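Student: First, the structure itself, so that you have it in front of you.
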Protein chains: 2
Amino acid sequence: MLPRGRPRALGAAALLLLLLVIGFFLFRGDLDYERPRPRGTAAFDGDPPADPGGHNGSDCIPPRPRPPKCELLQVAIVCAGHNSSRDVITLVKSMLFYRKNPLHLHLVTDAVARNILETLFHMWMVPAVQISFYNADELKPQVSWIPNKHYSGLYGLMKLVLPSALPPDLARVIVLDTDVTFASNIAELWALFAHFSDKQVIGLVENQSDWYLGNLWRNHRPWPALGRGFNTGVILLRLDRLRQAGWEQMWKLTATRELLTLPATSLADQDIFNAIIKEHPWLVQPLPCVWNVQLSDHTLAERCYSEASDLKVIHWNSPKKLRVKNKHVESFRNLYLTFLEYDGNLLRRELFGCPRPPPPGAEQLQRALAQLDEEDACFEFRRQQLTVHRVHITFLPHKPPPPQPHDVTLVAQLSMDRMQMLEALCRHWPGPMSLALYLTDAEAQQFLRFVETSVVLSARQDVAYHVVYREGPLYPINQLRNVALAQALTPYVFLSDIDFLPAYSLYDYLRASIQQLELGSGRKAALVVPAFETLHYRFSFPSSKAELLALLDAGSLHTFRYHEWPRGHAPTDYARWREAQAPYHVQWAADYEPYVVVPRDCPRYDPRFAGFGWNKVAHVMELDAQSCHLPPAQAATVRVPHPPGIRAAGAAGGLRHPPAARPKPGHLPLPLQPHLS
Amino acid sequence: MLPRGRPRALGAAALLLLLLVIGFFLFRGDLDYERPRPRGTAAFDGDPPADPGGHNGSDCIPPRPRPPKCELLQVAIVCAGHNSSRDVITLVKSMLFYRKNPLHLHLVTDAVARNILETLFHMWMVPAVQISFYNADELKPQVSWIPNKHYSGLYGLMKLVLPSALPPDLARVIVLDTDVTFASNIAELWALFAHFSDKQVIGLVENQSDWYLGNLWRNHRPWPALGRGFNTGVILLRLDRLRQAGWEQMWKLTATRELLTLPATSLADQDIFNAIIKEHPWLVQPLPCVWNVQLSDHTLAERCYSEASDLKVIHWNSPKKLRVKNKHVESFRNLYLTFLEYDGNLLRRELFGCPRPPPPGAEQLQRALAQLDEEDACFEFRRQQLTVHRVHITFLPHKPPPPQPHDVTLVAQLSMDRMQMLEALCRHWPGPMSLALYLTDAEAQQFLRFVETSVVLSARQDVAYHVVYREGPLYPINQLRNVALAQALTPYVFLSDIDFLPAYSLYDYLRASIQQLELGSGRKAALVVPAFETLHYRFSFPSSKAELLALLDAGSLHTFRYHEWPRGHAPTDYARWREAQAPYHVQWAADYEPYVVVPRDCPRYDPRFAGFGWNKVAHVMELDAQSCHLPPAQAATVRVPHPPGIRAAGAAGGLRHPPAARPKPGHLPLPLQPHLS
């Protein structure tokens, strides 16, 4: 019988704080799915009840062309920044859910999006999906001369340069904005290439607003367009023909000419596409309206979907995104939420009937998994060791800290049940943090709303949140720690636990100590942060070592795990620490489990550990794990820093399974007096 | 700022207990989705690589016939018992996800399934879905004469009598087993009716095993079939032609004749269908294999899906269900898990393009929701009041308690974070319980695995679990209480909270008190169960009043909410209770919030309350709620029962949102000395 969880008891120090704050989040959080989301391009656009190509309404759906079985479909998306990276994943999930064909995704990204998406797709290992990245920054000079008022900025305009940016042998591509959601198999869209005449090079859905009619308000002067114009959220591009036709020259000429009389593009690439089509109407193949149902505020989309029961792609092309005013928006939101919260692990399913080489590493993994014996008592441990979790690094916007030689990043991991520790932690630790969160896809969205509605959390750009998606019944504590550790960007890291609140001065104290003790100069040493806990749940956080000692004497505080596992922290020598005025040397001993500050390039945690925590339950686990012949957790020789720092203790829980919320009073370990080894 | 949660702290008494047990669940629980699941009919069946109708392989898919837009599609399912009711919901979710047409479901159910499904569909309010129920028990005599060895029992055979059981004007119907999962739009299946010749009456997919070839083992003697025979997990029935052709006589004759030489049906209705088709092969229209991909152990299904990338319906037709040995089973499981865990609320989306009258109540609800002002500070409260939660009563098998005049049901509600209280509760309360669980669809599956892997919980058939599906940010505490209360089947109910552990003797004591005090004879009185709590997390549960008093004197126990809200329990008069040898009268006072035993027909809780709990957080909520002009919780005049009963206290939490796991020591209120009013 192996306890597989970490108990969910919470540091008492945070109680009142949270009591006052949580309600606020909850209240505001409900509207989460209505938060404004950024997008790639084309927003507010022009109209279409009248059907230019006879493709609207229910009649607009031509008999479904059957796309060639197993044909590799090409898709291009421009994506920049943290928020668009999240959007693109929801789009990709919807696309993968319905697809039956192998896909090649061409992602034009800035450095941030590339870092996020490359990591994610690498861990995701979706069969029959190829990914190529293109550097958006290199493409910037080609479009940066165009003045643009659209919120997508330069990145929106980049769709114009795809014919030259994508590989020269790529003949056809579907181009998508990041704010579209599939409700159907993308192969049906691909099959519409077959309807192109010899001259047609661009497939587009007509605009579903009156924008380009130019009558939305006085002095509204849109770019020229054919009728209501076309929306560029979904584009079929014949790249081969565009290159042949001298596309680059064509769009640059048109844009230059229009900019003689117009101050800037309002809708980025879409204005330019429309101006070109106005001039050369034979270039466009109008697509059925259901392939780009536009949910902007003044949308006429209802004329499309009230006829067609068969919507294919939803386009959240209002700057208000899910908050857009539309009497049917709830229904569209449900489709969006389906994929927003969809467990991406389920998309790792094979593509039957289209044999493709498995993604890198996947075959080996499959073989190893197949060799596991389900009857083995350690089966779940072994399986967890083999599990490759999807990792979404910097899930929220993040600014790396400016390089400083003695800076320290607080490193910790948590699951949903510890979310409410984050605000207190931010108040106690003003420095950079790298936090790994073990969440389901649905929980990641809750987390997002939680941060967005928190004044404290949303003000911090130096806290990096890395989502590790849940799979399996064990809490992969060391894999989580390693993700957080690998993403720390300062020379030093404080390896903490989410339940511990540092002393208010700890961040400054540690940086001073690192400098003073010359840790950077090749000395192999670590700083130990003494840990304390409280068994009382009404607790006033000590603001000095003197206050802390008073609480200790009054029995309101204990040294961490004093009752359960004194050996874990015995070498810290709390008696000596009481009296110490300067750092002192601590001798490592078996079972020592201190909280330490070490250089960022310290050894990684053993990822084979799962379900392990610094607490009683974890200890049971540890014993058990050892009987499975897993090695014990790493330890280090150590030093102790000086000023009192307090943590509200316990241990991060979070199980796919029956959550291990267990009766436990608040702990409150805290780091104190330092010393050199 | 309104705290919207109930803290997750846990009764300390349960700590060690749970520590030892949880790991076991987690370990076993992982395999949950492999649990054997019952089914409607046709299991282990016969074969088909060779293609009788040229319908297998990728070529087997005829060009998709477009089903008439908005045509009402008819679907019949036989469903009996608690487990099949859960299965049918997963099937229906998959069907609704892809459907574009209005549906009419014809459910042939026993009393249990009808009770569950009628409640569920009533609350679900899915647009453009009609439900009709048919009493399976009335149909039994028509098939009970047939000896049958298949695990689906009599219910499997009922598919034979559908032509007479369904309304006489119903001409066509799709008949589904409960263990199929849709991966496509059911209208495409419906459209295959168009392929029927004038003589054909039954559409079936060929069997994907060698069962009917009769060579699986020595002396294997299957019923007669055409080649590998057909599988009846998915059937298209031309009811009109069947009635005309004298179907009832036809199948009865065939069955009777075969039973002269065969001892019983092995595969229920499927044997009989196949025997008829063997005799009258012109009756059958073979369907493409993708419409019934059979995942039994010796399946030849791979020959179907390795060709077709376009699977339509998966059939878990092995008694092993998801545990079936199949090298691609992970991929199929992912599809199944998608719908198992899919948030059913998202299926409430409108069916565009097919105007239908909204389900009963839905229109009124929509109007009320539309009138809410999102800017109103009480918006979430008001919205929660209007929210209709889906309710799945008796989610797990349940045997109603035998009628006894003084019996008491413990009534409580909880969310995921209190799951681990259930075992302790079962140990402390040997009587019937009615528990409402506030869960997401995914959590409901975790809960199922939790119970299935618990020896203690799975041994109890007198505990009824009612799942109320989550929606919105507030914990609808009184709606939950009302669901649990409404499903209590004994004359009396003990209105408890999940964090409280009753004294071991409380159940017996309460029944004796009810009898002794003649509560049944029209006396308007209630029994108060005094509540205690502990602030210590190491706690040995008292086994007598003397032990309890000793703990109280030692400060290990307090009267419940002694520190936070003494008025809530002051009238219980604990000082008097200490000395009392007999029940005494308690005078109700403002703010009195005792735990009481009352007749089952007591007034319901005010469902307008949300996020309210018996704890500090809840109290803040209550104050806040009152400022929103919601009335306070109900109270009652009361009496007190006698022997010590202990509860491990706190309050059930559970939020869609950032969970309110908050530092809180274990409480441990307990009910003691009774008295009469």
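The values are calculated or read from the model by the stated rules, or taken from the named source; none is laboratory data. Please read all numbers here as calculations on a predicted model, not as lab measurements. Methodologically, a virtual Cβ is constructed for each residue, glycine included, from the backbone with ideal geometry; neighbour enumeration extends over all protein chains shown. In case anyone asks, the SASA skips ligands and DNA or RNA and just uses the protein heavy atoms, side chains included. Shrake-Rupley method; radii C 1.70, N 1.55, O 1.52, S 1.80 Å.
Student: Kindly establish whether A:K140 is of a type in the set (K, R) and either open to solvent by 40 Å² or more (accessible area, probe 1.4 Å) or in contact with a His (Cβ under 6 Å, 6 or more places away or on another chain) (or both).
Tutor: Working: of a type in the set (K, R): yes; either open to solvent by 40 Å² or more (accessible area, probe 1.4 Å) or in contact with a His (Cβ under 6 Å, 6 or more places away or on another chain) (or both): yes.
Yes; evaluated as a whole, the condition is true for this residue.
Student: Return the residues of the range B:534-557 that are charged (D, E, K, R), over 19 Å from B:Y584 (Cα atoms) and at pLDDT 80 or above; say none if nothing qualifies. First the steps, then the outcome.
Tutor: Filtering the range B:534-557 for residues charged (D, E, K, R) gives B:538, B:545, B:547, B:553.
Among the residues that remain, those that are also over 19 Å from B:Y584 (Cα atoms) are: B:538, B:547, B:553.
Correct list: B:E547, B:D553.
Student: Looking only at the range A:259-304, which residues are in a helix (DSSP H, G or I), buried (at least 24 other Cβ atoms within 10 Å of the Cβ) and within 14 Å of chain B (Cβ to nearest Cβ)?
Tutor: A:C289, A:V290, A:C304
Student: Of these, B:E363, B:E350, which one is charged (D, E, K, R) and outside any helix (DSSP H, G or I)?
Tutor: Details: B:E363 fails: outside any helix (DSSP H, G or I).
Checking each option against the conditions leaves just B:E350.
Student: Go through the range B:305-322 residue by residue and tally those that are more than 10 Å from chain A (Cβ to nearest Cβ) and either of a type in the set (K, R) or open to solvent by 10 Å² or more (accessible area, probe 1.4 Å) (or both). Reasoning before the result, please.
Tutor: Kept after step one, since they are more than 10 Å from chain A (Cβ to nearest Cβ), are these residues of the range B:305-322: B:312-322.
Then drop every residue that is not either of a type in the set (K, R) or open to solvent by 10 Å² or more (accessible area, probe 1.4 Å) (or both), which leaves B:312, B:319-321.
Of the residues in that region, 4 qualify.
Student: Could you list all residues from the range A:323-334 that are in contact (Cβ under 8 Å) with a residue 60 or more places away in the chain and either over 16 Å from B:L351 (Cβ atoms) or surrounded by fewer than 18 Cβ atoms within 10 Å (Cβ to Cβ) (or both)?
Tutor: Of everything in the range A:323-334, just one residue is in contact (Cβ under 8 Å) with a residue 60 or more places away in the chain and either over 16 Å from B:L351 (Cβ atoms) or surrounded by fewer than 18 Cβ atoms within 10 Å (Cβ to Cβ) (or both), namely A:R323.
Student: Report, ordered by the first and then the second residue, all pairs with beta carbons closer than 8 Å, sequence separation of six or more or different chains, a first member in the range A:213-228 that is modelled with pLDDT of 85 or more and open to solvent by less than 70 Å² (accessible area, probe 1.4 Å), and a second member that is of a type in the set (G, A, S) and part of a helix (DSSP H, G or I).
Tutor: Every condition considered, the pairs that remain are A:W223/A:A275; A:P224/A:A275; A:A225/A:A275.
Student: Restricting to the range A:336-354, name every residue that is open to solvent by 30 Å² or more (accessible area, probe 1.4 Å) and over 20 Å from A:L103 (Cβ atoms).
Tutor: If the condition is that a residue be open to solvent by 30 Å² or more (accessible area, probe 1.4 Å) and over 20 Å from A:L103 (Cβ atoms), then A:E341 is the only one that fits.
Student: Quick one: count up the residues across the range A:391-418 that are away from every other protein chain (no Cβ under 14 Å) and touching a Phe, Trp or Tyr at 6+ places or on another chain (Cβ under 6 Å).
Tutor: 4
Student: Does the range A:431-458 hold any residues that are more than 13 Å from every other protein chain (Cβ to nearest Cβ) and without any contact (Cβ under 8 Å) to a residue 12 or more places away in the chain, and which are they?
Tutor: Correct list: A:S458 only.
Student: Hey, does the range A:395-416 have a residue that's at pLDDT 95 or above and at positive phi?
Tutor: No, the range A:395-416 contains no residue that is at pLDDT 95 or above and at positive phi.
Student: Could you go through the range B:355-372 and let me know if any residue there is at negative phi and buried (at least 21 other Cβ atoms within 10 Å of the Cβ). Even if it seems obvious, please write down each step before you answer.
Tutor: The initial filter retains those residues of the range B:355-372 that are at negative phi, namely B:355-360, B:362-372.
Adding the requirement that they be buried (at least 21 other Cβ atoms within 10 Å of the Cβ) leaves none.
No, every residue in the range B:355-372 fails to be at negative phi and buried (at least 21 other Cβ atoms within 10 Å of the Cβ).
Student: Test of understanding: among B:L335, B:L322, B:L396, which residue is in a loop (DSSP other than H, G, I, E, B), among the aliphatic types (A, V, I, L, M), under 26 Å from B:T453 (Cα atoms) and under 25 Å from the mean Cα position of the chain (by Cα)?
Tutor: Details: B:L335 fails: in a loop (DSSP other than H, G, I, E, B); B:L322 fails: in a loop (DSSP other than H, G, I, E, B).
Just a single option satisfies the conditions, and that option is B:L396.
Student: Any idea how many residues of the range A:113-148 are among the aliphatic types (A, V, I, L, M), more than 16 Å from A:G81 (Cβ to Cβ) and under 25 Å from the mean Cα position of the chain (by Cα)?
Tutor: 6
Student: Of the residues A:G246, A:G229, which is on the phi > 0 side of the Ramachandran plot and within 36 Å of the chain's Cα centre (by Cα)? Explain how you work it out, then say what you get.
Tutor: Details: A:G246 fails: within 36 Å of the chain's Cα centre (by Cα).
One residue alone meets the criteria, A:G229.
Student: How many residues does the range B:323-333 hold that are more than 9 Å from every other protein chain (Cβ to nearest Cβ) and among the hydrophobic types (A, V, I, L, M, F, W, C)?
Tutor: Residues meeting the conditions: 2.
Student: Identify, please: which residue in the range A:373-390 is part of a helix (DSSP H, G or I) and among the basic types (K, R) and is, among those, least open to solvent (accessible area, probe 1.4 Å)?
Tutor: Initially, the range A:373-390 is screened for residues part of a helix (DSSP H, G or I), giving A:379-386.
Cutting the leftovers down to among the basic types (K, R) gives us A:382-383.
Details: A:R382: 86, A:R383: 59 Å².
Of everything passing the filter in the range A:373-390, A:R383 is least open to solvent (accessible area, probe 1.4 Å).
Student: Name, by its number, the condition in (1) under 25 Å from A:Y342 (Cα atoms); (2) within 20 Å of the chain's Cα centre (by Cα) that does not hold for B:V411.
Tutor: Against the list (1) under 25 Å from A:Y342 (Cα atoms); (2) within 20 Å of the chain's Cα centre (by Cα), B:V411 comes up short only on (1).
Student: Condition first: open to solvent by 20 Å² or more (accessible area, probe 1.4 Å), part of a strand (DSSP E or B) and among the polar types (S, T, N, Q). Now tell me which residues in the range B:70-110 satisfy that.
Tutor: Within the range B:70-110, just B:Q74 meets the criteria.
Student: Taking the range A:121-168 only, how many residues are under 22 Å from A:L239 (Cα atoms) and either assigned to a strand (DSSP E or B) or β-branched (V, I, T) (or both)?
Tutor: 9
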